[in-house]
Amino acid sequence: MQDFRTWLQQGELAGQSYRLASPRRSLKGAAGFHAGSQNGVSLDFSDYREYHPGDDIRSLDWNVFGRTDRLTIKLYHEEVAPHVDIVLDASRSMGLVESKPQALLGIGALLATAAAGGNYSWNAFRLGARLARLERGREIPSHWPELEYEPLKNPGAPLRESAGVLKRQGVRILVSDLLWSTEPLGVLRRFAEGASSVVVVQLLARADVVPPEPGKYRLDDAETGESIEVFVDADTQKQYVERLEQHTQHWNDACRQTGTAFCRLVAEDLLADWRLDPLLRTGIIEHRSGGPAC
C-alpha cells in the first residue's frame, strides 16, 4: 500500500515543476481561461458578419448600420475553461515489471498536478475492461486509490466506446505500453473523436525495449494466460528489436493521421530523474517558473 503511494507522491512533486500548456487547437465550452474557436459573448472582439433573421439584435452594430445602411452583427470569441482527461492503462502487461506500474502512477500524478498548474480541470481514468473514472480532480494525486490490473486481450475496445465518457472539446492523454494486437488507427480515431487535442504516451520498461540474453525461456502472455517456450539467440534479439520498432512506428503513423502527438518514455529513466524531454517536445506540458527542481 505504501509503495504505490510513494510513486504518486513523487509524481505529484515532480509535476509542480510543470504545467499543461494551452491546447494547440482551440477549445469550446463554458466561461473560463482560454479563447476558443467558437464565437461567443466574451469581451474579445472577433469579426463582423451580415445579420440574418433570428440573430440576437443586441449584437447589431448600429455604427456600421449608420455608415453603410447594412445590418451587421458583431462576433466575439468565447472564453473556455480547458479540461484534460488522463487515461492510465490498467491492463496486466502494465503491472508485470515493477518499474512500469511505479512510472504509470508517477506520470499520472505528474500530469494531474501539471493540469492544476495550468488552470485545467481534470479527470483521471483507469483503462480496464471498461473506461472507469479513477478520480474527478477533487483529490490530490497522492490520495488516489491503488490501480488494479486485469487481463485484457484488447485494451483498444473500451477506448472505442470512450466518446460518451470523456469530456468533449477537452484534451485527452493516454498512457500505455501500447503492446496490443489491435489495429491502432481505428482506436485512435474513436478516442480522438470530439477532443480538442490528443497525446499518446508510450510507457515501456527497459525489459520491453532490450531483449533478454541468449537462452531458453518460457513466455507467459499476461493477457491471455497462454504460454510458449522460445530459444533466444542473436537473430531472435534482432527480430524482437525490429518488430518492437515496427509496432511503435505503426502507432506513430496512426497518431500522425489523426493529429495526435506521440512520445515514448522508459519507466526506469523516468523514475531516476523525472526528466520529461520527450513529453515536453509534444508541447502538451511546459516548465513552470518557480516550481521545485526535480
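The values are calculated or read from the model by the stated rules, or taken from the named source; none is laboratory data. Only a predicted model underlies this, so the values are computations on that prediction, with no experimental measurement involved. Here Cβ is always computed from backbone atoms with ideal geometry, including for glycine, and neighbour counts include all displayed protein chains.
Between GLY194, GLY118, the distinction of being buried (at least 19 other Cβ atoms within 10 Å of the Cβ), closer than 27 Å to TYR18 by Cβ and not hydrophobic (A, V, I, L, M, F, W, C) belongs to GLY118 only. Filtering region 176-218 to residues that are part of a strand (DSSP E or B) and modelled with pLDDT of 90 or more leaves SER176, SER197, VAL198, VAL199, VAL200, VAL201, GLN202, LEU203, LEU204.
Which number in (1) under 19 Å from HIS83 (Cα atoms); (2) out of contact with any strand residue (DSSP E or B) (no Cβ under 6 Å at 6 or more places or on another chain); (3) of a type in the set (Val, Ile, Thr) marks the one condition that THR258 misses? Result: THR258 passes all but (1).
Please pick out the residue among GLU150, GLU161 that is among the acidic types (Asp, Glu) and more than 23 Å from THR6 (Cα to Cα).
Working: GLU150 fails: more than 23 Å from THR6 (Cα to Cα).
Just a single option satisfies the conditions, and that option is GLU161.
Residue-by-condition table, conditions (1) of a type outside the set (Lys, Arg); (2) at pLDDT 85 or above; (3) over 15 Å from the mean Cα position of the chain (by Cα):
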site: GLY117; (1), (2), (3): yes, yes, yes
site: TYR120; (1), (2), (3): yes, yes, no
site: ARG130; (1), (2), (3): no, yes, yes
site: GLU139; (1), (2), (3): yes, no, yes
site: PRO151; (1), (2), (3): yes, no, yes
site: SER162; (1), (2), (3): yes, no, no
site: GLY170; (1), (2), (3): yes, yes, no
site: LEU174; (1), (2), (3): yes, yes, no
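For region 121-157, a residue qualifies if it is under 18 Å from ARG19 (Cβ atoms) and of a type in the set (Gly, Ala, Ser), and the qualifying residues are SER121, ALA124, GLY137.
Can you tell me which residues in region 159-182 are in contact with a Gly (Cβ under 8 Å, 6 or more places away or on another chain) and either within 25 Å of SER22 (Cβ to Cβ) or surrounded by fewer than 21 Cβ atoms within 10 Å (Cβ to Cβ) (or both)? Don't jump to the end; show me each part of the working.
Of all residues in region 159-182, those in contact with a Gly (Cβ under 8 Å, 6 or more places away or on another chain) come to 160, 163, 166, 168-169, 175, 180, 182.
If the condition is that a residue be in contact with a Gly (Cβ under 8 Å, 6 or more places away or on another chain) and either within 25 Å of SER22 (Cβ to Cβ) or surrounded by fewer than 21 Cβ atoms within 10 Å (Cβ to Cβ) (or both), then ARG160, ALA163, LEU166, ARG168, GLN169, VAL175, THR182 are the ones that fit.
Can you pull out the residues in region 48-84 that are of a type in the set (Asp, Glu) and at pLDDT 75 or above? Steps first, answer last, please.
So in region 48-84, the residues of a type in the set (Asp, Glu) come out as 50, 55-56, 61, 69, 78-79.
Passing the criteria: GLU50, ASP61, ASP69.
A Cβ distance below 9 Å, combined with a sequence gap of six or more or placement on separate chains, defines the contacts here; from region 175-196, residues that are at positive phi reach residues that are of a type in the set (S, T, N, Q) in the pairs LEU178/GLN202; LEU178/THR248; GLY194/GLN169. In region 90-99, the residue that is modelled with the highest pLDDT out of those that are more than 15 Å from THR6 (Cβ to Cβ) and either in contact with a helix residue (DSSP H, G or I) (Cβ under 8 Å, 6 or more places away or on another chain) or part of a helix (DSSP H, G or I) (or both) is MET94.
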